[in-house]
Amino acid sequence: MTRLNGKHALLTGAAGGIGLAVATAYLREGANCTVADIGAVPTPELAALMAANPDRLAYVPTDVTKLAQIDALITAAAARFGAITTLYNNAAIFDMAPLLESDEAMYDKIFAVNVKGAFFVMQKVLSHMVAQQVQGGAVINMASQAGRRGEALVSHYCASKAAIISYTQSAALAMAPHKIRVNGIAPGVIATPMWANVDALFAKYEHLPIGEKKRQVGLAVPLGYMGDPTDICGAAVFLASFESSYITAQTLNVDGGSVMS
């Protein structure tokens, strides 16, 4: 269980849900981890993981929409564990509304985190990797099955995740001469704490009972159920490891068969 031995992974949006599950997997595989999220202090779940790994896991509160805070995050991470070799670029938010009711504030909020924040975290970490001449550098950007197709109520979120898929391809080509790989993961419906909010929004706009949308989308998955955050960990470890050394510019669907590409 040391497929990431000697690596230093920086994970954003990792105080809970998928990000925390991946941080746990990275630690189990031998990596040192710097975790960033918006909260001033770690969540109880992250705090417990830190207590179990005091010498290998650090938390840096970070707002990824603030470029100075991204710089400070990278500086703090490198000071603690050395050069960053792996980026798990996960910080994102969700909101939705009918297309004709979606306002500028929603657009700005979603794109500030999901596109601007993700891009500049990636750009600044890649710059760090190039300057440090990192060998075997890997970036994993978190997209979504929503980035593969439009949805009537979820236009901004879908567009933001489509942008991540596109930036992944462009960055991979730009970084190929440096032998730094850039890939993405496009999860399907995953039962994270965020789904309570998602379900409530669908209930509002589709006039459904609470819990009904979650039930429906789980049944619509070809494998017949919603994924768990741990279902993303295999792909996240693989794309960070030497096993994927000849893979770049790809976005891997981890969605129970919902999207075929």
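Among the residues of segment 138-156, the ones that are crowded, with 24+ Cβ neighbours inside 10 Å and of a type in the set (Lys, Arg) come to 0 in all. Scan segment 157-180 for residues that are crowded, with 20+ Cβ neighbours inside 10 Å and either outside the structural domain of GLU101 (by TED's automatic domain parsing) or over 16 Å from ALA91 (Cα atoms) (or both) and the total you get is 4.
Would you please name the residue that is nearest to PRO229 (Cα to Cα), looking only at residues in segment 115-163 that are of a type in the set (S, T, N, Q) and over 14 Å from the mean Cα position of the chain (by Cα)? Steps first, answer last, please.
Quick first cut of segment 115-163, residues of a type in the set (S, T, N, Q) only: 123, 127, 132-133, 135, 141, 144-145, 155, 160.
Now drop any that are not over 14 Å from the mean Cα position of the chain (by Cα), which leaves 123, 127, 132-133, 135, 155.
Working: GLN123: 26, SER127: 30, GLN132: 32, GLN133: 32, GLN135: 29, SER155: 24 Å.
My answer is SER155.
Residue-wise test of (1) in contact with an Asp or Glu (Cβ under 7 Å, 6 or more places away or on another chain); (2) more than 30 Å from ASN5 (Cβ to Cβ); (3) not basic (Lys, Arg).
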residue	(1), (2), (3)
HIS178	no, no, yes
ASN183	no, no, yes
LYS213	yes, yes, no
TYR225	no, yes, yes
THR230	no, no, yes
GLY234	no, no, yes
ALA240	no, no, yes
GLU243	no, no, yes
ASN253	no, no, yes
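Listed by first and then second residue, the pairs linking a residue in segment 231-250 that is without any contact (Cβ under 8 Å) to a residue 60 or more places away in the chain to a residue that is among the small types (Gly, Ala, Ser), with Cβ atoms under 7 Å apart and 6 or more places separating them unless they lie on different chains, are PHE238/SER244.
Out of all the residues in segment 8-55, which are in a loop (DSSP other than H, G, I, E, B), more than 19 Å from THR75 (Cβ to Cβ) and not polar (S, T, N, Q)? Selection gives GLY13, ALA15, GLY16, GLU29, GLY30, ALA31, GLY39, VAL41, PRO42, PRO54, ASP55. Selection of helices (runs of 4 or more DSSP H) fully inside segment 189-261 by the criterion of at least 1 residues being within 23 Å of LYS179 (Cα to Cα) and within 18 Å of the chain's Cα centre (by Cα) returns 233-240.
The values are calculated or read from the model by the stated rules, or taken from the named source; none is laboratory data. Bear in mind that the values here come from a model prediction, so they are computed numbers and not experimental data. So basically every Cβ, Gly included, is an ideal-geometry build from the backbone, and we count neighbours across all protein chains shown.
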